[in-house]
Every structure is written in structure tokens, then in C-alpha cells.
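Just below is one structure, and these are the notes that go with it.
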Amino acid sequence: MLTLKCPYCGVQACETELSPGYEAHLKRFGPGSSDDDFETYLFTRPNVKGVHFERWRHAYGCGKWFLAARCTTTLEVFGTYSAQTPAPPAEIIEAIKSKRPDWSPET
Amino acid sequence: MSNAMSVLEGAVSTGFVTVRDAGLTGMVSVRADLTDAATVAALSSCGITVPVVRQIVDGVAWMAPDELLLVTEYADAPALAQKVQAAMADTHALVHVVSDARAVLRVEGAGTKEALAKLCPVDLATLAPGEVRRTRLAQVAAAFWLEDAENAQIICFRSVADYVFGVLQMSARKGSEVGVFTR
């Protein structure tokens, strides 16, 4: 069972209260971009085993989208943060590094 | 004008707690940025104080960072909505009477927390009275708050009121007490 804290209403929301929005921090390639870029944006995901940034929506609660950093193998949650964040914030990176010393944001 | 009817028509069910239709309740939904000073000022000119996160105070419930629910008498809701709408004319806001779109139920009795805990993924041991918890009640969305340790009010969509009444009735069936909050 995955439990994420909604950064908007502060509720410790269990997975069944949330709906998934898949990978976070994607760079959008829209009209005018090359077919390759568009295809990559739509379909190509690293599908990491380990630290992952995700979008979630507190669907049964306050209805807000937020972002979460968690480990896909252990379900360990490193933190959640506002959806209006273009890149993982420093405190989330710190929290991950303190638990996964060999992890770096580029991977 | 047709007569307004509460969807459960006053249904009452007695198990280890009593589940009852709370009857017609006035509800006004306000959508606006609650952190915006203009919004707060407009609301306070109508006598509405924005509660802190997830609280319900004097019938004003915090539902989301941009949503309030005003709970009042059924007959008073249209006038209240009109008053708030007028006060918020210059702010980016939506005010609407949702009394007939929702249903309100009450759960009463010593096992109230237990009846709810069986259905909702909520830590009822730490839920304080006066805190609104929007959550999943079995398979549908609902919001509830404890008035005190033994009384709760539940708001759900009118279309699922019968389902909510049914699952609460089953959850409160005599002999199915777990006793987790009374140990």
C-alpha cells in the first residue's frame, strides 16, 4: 500500500484515494516539433527501477494534482511537492540522496 | 414549483449505530482562490471567515485550496448564494447552490468511528471533531466530519445517496463490531 501526503490539503492519502498521472517533469513537444521528438514525448519512458518522479491526483480528496518522488522497487516515498514545480526541489533531492547515496538526478 | 424532497426520504437504519437521512440541507459551493486577499475580504463582507485547512467552522467547510462549502438551512441557500455572488462579483469566483446535487446523512452512536473506519481509508483514531475529511466511502466520493466522538455528518452526491446509506447500514450491522476504538 502506497501512502502519499497531499501537499495541498495535508492528508495522508492512501493509494485508493489517488489516481496516477505517471511520470513527472516531462518536456512537452507539441505542434511544430519533429516527429521523433513528438514520439519520444508521447511514448518513450525510462521506466526506471528505483527513484522515480510521478504525478498523482488526490482524486477522492481535494482534487489537486501533485508530484511525488518514490522508489518503484521498495515503494519508499521520499517526498511530495506542488505540481507547479518544473524540476524536483532541492529538499526532495536531498532526501533522496540521504537514502540513496549513489543516486544522482541525471540518471 | 415541485416540492423539494430529500433523496432518502427520511430513511433510518439502526444497527450498532444509527444511520439516518439528515433531510434537506442547504449547501452552497464557492470556488475561488482562498489565499487571495480580495477573496477573503469579499467573503468576510458576507460574514464568512475562511477556516484553516480541512476545518469546518460555523457551517463553513474548507474542501480544497480553492473550494468552500457553506452549509445552511435548505430554504436559506439561494439567498446566501446570491449574497456571496454579489460580494464576489469583482473576483474570479464561482458560487452555486448545490443543495439538490448532494445528500447529507448522519451517523449517530458510540460506534460511529468504527462504522466509518470500515469503509474509508482514514485514520479515525486521529481525526479530530470539526475536521472535514474528503475521501472514498466504499466505492464513491464522500466528505464527512465528526461533530463529536459519537456523531458524524456525511455529504455525498445525491445520485449515490442510496448506495452510501446501504453500505453504512451494512457496516453498522449488529454483531459486526470490531471494537478497535473502544479497546
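Assorted remarks:
- So B:V50, is it modelled with pLDDT of 95 or more, part of a strand (DSSP E or B) and surrounded by 16 or more Cβ atoms within 10 Å (Cβ to Cβ): no
- Residue within segment B:102-109 that is within 14 Å of chain A (Cβ to nearest Cβ) and buried (at least 16 other Cβ atoms within 10 Å of the Cβ) present: no
- Among the candidates A:A87, A:A95, the residue that is farther than 30 Å from B:Q139 by Cβ, of a type outside the set (D, E, K, R) and in a helix (DSSP H, G or I) is uniquely A:A95.
- Test: B:T135 is among the hydroxyl-bearing types (S, T, Y) and assigned to a loop (DSSP other than H, G, I, E, B): no
- Scanning segment A:4-32 for residues that are within 21 Å of B:V122 (Cβ to Cβ) and free of Cβ contacts under 8 Å to residues at least 60 places away in the same chain yields A:C9, A:G10, A:V11, A:Q12, A:A13, A:C14, A:E15, A:T16, A:E17, A:L18, A:S19, A:P20.
- Summed over segment B:59-75, residues that are under 11 Å from A:K64 (Cβ atoms) and of a type outside the set (A, V, I, L, M) total 3.
- B:A142 vs. criteria more than 22 Å from B:G23 (Cβ to Cβ), at pLDDT 95 or above and not assigned by TED's automatic domain parsing to the domain that holds B:A37: no
- Whether a residue is of a type in the set (D, E), crowded, with 16+ Cβ neighbours inside 10 Å and away from chain A (no Cβ under 14 Å) was assessed, and B:E114 passes this test.
- All told, B:A142 falls short of being small (G, A, S), closer than 17 Å to B:L43 by Cβ and within 14 Å of chain A (Cβ to nearest Cβ).
- Among the candidates B:L116, B:L105, B:L127, residue that is assigned to a strand (DSSP E or B) and not aromatic (F, W, Y): B:L105
- Matching residues, segment B:117-142, being under 12 Å from the mean Cα position of the chain (by Cα), under 16 Å from B:V167 (Cβ atoms), surrounded by 21 or more Cβ atoms within 10 Å (Cβ to Cβ) and not polar (S, T, N, Q): B:A142
The rows are residues; the columns are (1) within 15 Å of the chain's Cα centre (by Cα); (2) within 25 Å of B:C156 (Cβ to Cβ); (3) among the small types (G, A, S); (4) modelled with pLDDT of 95 or more.
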position: A:K5; (1), (2), (3), (4): yes, yes, no, yes
position: A:A13; (1), (2), (3), (4): no, yes, yes, yes
position: A:L67; (1), (2), (3), (4): yes, no, no, yes
position: A:Q84; (1), (2), (3), (4): yes, no, no, no
position: A:R100; (1), (2), (3), (4): no, no, no, no
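The values are calculated or read from the model by the stated rules, or taken from the named source; none is laboratory data. This structure is a prediction, so every number in the text was calculated from the model and none was measured. Neighbour counts run over all protein chains shown; Cβ positions are idealised from the backbone, glycine included.
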